[in-house]
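The values are calculated or read from the model by the stated rules, or taken from the named source; none is laboratory data. Here the structure is a predicted model, which means the values were calculated and not measured. Cβ placement follows ideal geometry from the backbone for every residue including glycine, while neighbour counts extend to all protein chains displayed.
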Amino acid sequence: MLVVDDEDPILDLVQKVLKRYGYRVLLAKNGVEAVELYTRRQKEVDVVITDMVMPIMDGPATITALQAINPNVRIIGSSGFVSKDGQTKSKNAGVKCFIPKPYTAEALLNTLNEVLQENKSK
């Protein structure tokens, strides 16, 4: 997994939860870091979980850059600024699922499982 968020507490929490359930986790603090990491290590990344609102490179720009590298990249968008319009923009940007912040470990794991299972059923 590649987790992209500009908030350290969220990165730490998501990393702990995912590691506890056996996932290997890469962390990026912004879209630029995410694209650099993904470029080098995309074979290790099953899903990208990205914040949609970040400085330097926001979620939609990050998603566009990741899709230029791999059009089939699976992405979960996340934001504390949730609106119907924001969720629609996320879907239009290529996000497989959207999870509003704050979210529980259970919600995160269920969303992640949904995205991972989607690929197996195709």
Which listed residue, of Ala61, Ala68, is at pLDDT below 95 and not charged (D, E, K, R): Ala61
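Condition test on Val45, is it more than 18 Å from Ile99 (Cα to Cα), over 11 Å from the mean Cα position of the chain (by Cα) and touching a residue at least 24 places away in the same chain (Cβ under 8 Å)?
Spelling it out, it is not the case that Val45 is more than 18 Å from Ile99 (Cα to Cα), over 11 Å from the mean Cα position of the chain (by Cα) and touching a residue at least 24 places away in the same chain (Cβ under 8 Å).
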Exclusive hit being of a type in the set (A, V, I, L, M) and buried (at least 21 other Cβ atoms within 10 Å of the Cβ), set Ala34, Ala61, Ala65: Ala34
